[in-house]
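Heads up: the structure comes next, in structure tokens.
What follows is calculated from the coordinates using simple rules that are stated; it is not laboratory data. As the structure is a prediction and not an experimental result, all values here were calculated from the model. Ideal geometry is used to build each Cβ from the backbone, glycine not excepted, and the neighbour counts take in all protein chains shown.
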Amino acid sequence: MAKTAVDNQREFRAEARFQRTSPQKAKLVLDMIKGKRVEQALNTVHFSTKRMAPVIEKVLRSAIQNANYLAQEQGLDVDIDNLYVRTAVANDAPRMKRIRPAPMGRAFRYQRRLAHIIVTVAEKKPGVNVTTAVRAEEHAADAKPAKGAAKKSAAKKAPAKKAAAKKSPAKKSAAKKAAK
């Protein structure tokens, strides 16, 4: 696998755990900001009408502040204006099991979904196209063949074994007599 200029960058991340939304709904907002510059991502989230947008905006601002703080503490040369959203994911959190009353004394169970939201920002190096670098990482992860796929391709390459000839009833009885 070829190493790109994006691989050796310093990343800064922030998390919001146990958020009261399904990961699917949070991903709708996160997909809008992936690969964008931080300033553009903040504007996109700020004017989004989704319910999770303010939470994601808060997480994004926290990641930016983490980058600023660590740059000052460790003496790193990080330009906040050159930051971009490298990854933005919403993972499944433990589900809350609930019960709803149903007709005739019964009860229906349902689950309240929760999400862990993780936003990672990195500094854009000059001369690197951010969106293509992020897409290249995603395609590299998708290009890895699954374990089952390798076995199937190996099975296709191997020559097919000839099926053993079935013994006729006369041969079976002769083989039984010879064994005695």
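Along its three principal axes, how long is segment 31-96 when you only count alpha carbons? Whole Å, largest extent first please.
42, 28, 17
Among Met52, Met96, Met32, Met104, which comes first, second and so on when ranked by fewest other beta-carbon atoms within 10 Å? The partial results should precede the final answer.
Working: Met52 24, Met96 12, Met32 17, Met104 4.
By the 10 Å Cβ count, ascending: Met104, Met96, Met32, Met52.
Which of the peptides 22-28, 113-119 is most tightly packed, and how do the rest follow, going by the mean number of other Cβ atoms within 10 Å of each residue?
Details: 22-28: 17.1, 113-119: 21.6.
Descending packing order for the listed peptides: 113-119, 22-28.
For segment 11-140, report the translational diffusion coefficient in µm²/s to the nearest whole number, using Stokes-Einstein at 25 °C, 0.890 mPa s, and a Kirkwood Rh over Cα pairs.
Working: Rh = 16.1 Å.
After rounding, the answer is 152 µm²/s.
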